[in-house]
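See structure below.
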Amino acid sequence: MKKGTTHLINLKVNGDNRGSLIALEENSSVVPFFVKRVYYIYGTLPDVVRGKHAHKTLKQVLVCVSGACDIECFDGQHRQTITLNNPSQGLYLEGLIWREMKNFTPDCVLMVLASDHYNEADYIRDYTEFLKENFSNW
Ligand code: T46
């Protein structure tokens with residue numbers, strides 16, 4: 001299975017005296033895949049931890065379009081926590097990344113662009129299985 005990668009993307013803001021507009025285009029340098037699904041997460045209570053899984057093949061770009069939340073990412077070797085609190089930043093996730101989303105503000109709306117339809121078979125929800133898959137990668 002593919003080793004996990006994450007990086008932050010600065011999104012181009014089209015701003016004028018009316019406010020701001022950000023456009024996301026599929027198959028571009030910003031969203032490097034064809035978008036088959038968009039979903040968004042909101043109304044998450046502040047003490048709730050979401051995620052706790054990895055994906056086998058899915059590529060995603062996460063954008064916090066309102067409010068803030070922390071995304072904890074673990075590629076099997078390195079752990080990092082990325083705070084998404086700016087709609088002009090996206091977080092790219094690909095390959096084997098164990099992700100946990102936490103510290104949602106009440107106004108948080110986390111929008112996700114995904115490279116494939118929802119498929120439960122693409123999830124690794126068991127942490128031991130994730131570590132085993134990763135171990136065979138290093
Ligand atoms: C991810 C992180 C960032 C669907 O029916 N369709 C969908 O497209 C999705 C994403 C979920 N669901 C159902 C499956 C569950 O019954 O919605 C319920 C909640 O999903 P889940 O517990 O997987 O949600 P999160 O917030 O833990 O994780 C989600 C994504 O599932 C996941 O791909 O990377 O956001």
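Accessible surface of GLU120, taken over heavy atoms with a 1.4 Å probe and every protein chain present, rounds to 80 Å².
Computed 3J(HN,Hα) for segment 27-33, one whole-Hz value per residue from the Karplus formula 6.51 cos²θ - 1.76 cosθ + 1.60 where θ = phi - 60°, is 6, 10, 5, 7, 10, x, 6, glycine and proline marked x.
Take SER136: with every protein chain present and a 1.4 Å probe, its accessible area is about 90 Å². Under the shape rule built on the C-alpha gyration tensor, where the axes satisfy a ≥ b ≥ c, segment 62-120 is oblate, since a/c reaches at least 1.5 while a/b does not exceed b/c. Checking every one of the chymotrypsin sites (Phe, Trp or Tyr not before Pro) in segment 23-115 against DSSP loop status and a limit of 14 other Cβ atoms within 10 Å picks out PHE34. Surface listing: ILE22, ILE124 arranged by accessible area from highest to lowest gives ILE22, ILE124, probe 1.4 Å.
When the chain is described by a simple charge dipole with +1 on each Lys and Arg Cβ and -1 on each Asp and Glu Cβ, the residue from PRO32, VAL49, THR128 located farthest towards its positive end is PRO32.
One chain, two ends: ARG37 and LYS56. Fully extended at 0.36 nm per residue, the span grows by 5.2 nm beyond their Cα-Cα distance. Here VAL49 and ASN14 are evaluated by their C-beta separation; at R0 = 35 Å the FRET efficiency comes out at 0.50.
Close Lys pairs in the chain (alpha-carbon distance under 16 Å; sequence gap of 8 or more, or different chains): 10. Just check segment 7-96 against the gyration tensor rule for me: Cα atoms, a ≥ b ≥ c as the square roots of the eigenvalues, rounded for a/c under 1.5, and otherwise prolate or oblate depending on whether a/b exceeds b/c. Note, shape of segment 7-96 comes out oblate.
Per-atom-type breakdown for segment 43-138 gives carbon and sulfur 51% of the accessible area (1.4 Å probe, protein chains only).
The values are calculated or read from the model by the stated rules, or taken from the named source; none is laboratory data. Note that the structure is a prediction, hence the values are computed from the model and not measured. Glycine gets a Cβ as well: all are built from the backbone with ideal geometry, and neighbour counts include every protein chain shown. Keep in mind that these areas ignore ligands, DNA and RNA; they rest on the heavy atoms of the full protein, side chains included. Shrake-Rupley method; radii C 1.70, N 1.55, O 1.52, S 1.80 Å.
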